[in-house]
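Below is one structure, written out as structure tokens, with a few remarks after it.
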């Protein structure tokens, strides 16, 4: 269970707002990554096709897929990879630090079991971002990962 301070109505919307807009207040930071897929467009399209196929198989997850994209993958990757990791230098150390904070945020808001489960995927997302500098690719990878997790867990 996370800290009681972090449980209140509308908490998720406040966190999404902070993750989306706090980077814009940093005058020393400018987004250097494009907001449309670049070199890895084929991988991004592959993730979209895989998600569509998964949703055709399990149509009850349509709303979850949209929610996880809009309220988790986009704001979290924009903040933790696009802003925080880039601001820390974008190297392996920056990936490790941003992944620790990514897990810490999940621990405080979702519980420490979830925090332990998101650390390794966060390192993977950071590594993909480090190698590609393609934020849309990482966003799609994050959303697809969450969707796969939800489908697998629901079938257990």
- In the stretch 68-98, residue nearest to the chain's Cα centre (by Cα) [restricted to those that are within 15 Å of residue 131 (Cα to Cα) and not in a helix (DSSP H, G or I)]: 90
- Is there a residue being surrounded by fewer than 20 Cβ atoms within 10 Å (Cβ to Cβ), at pLDDT 95 or above and closer than 23 Å to residue 40 by Cβ anywhere in the stretch 131-145? yes
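The values are calculated or read from the model by the stated rules, or taken from the named source; none is laboratory data. Everything quoted here is computed from the prediction, not taken from an experiment. Cβ sites come from the backbone with ideal geometry, for glycine too, and all protein chains shown count toward neighbours.
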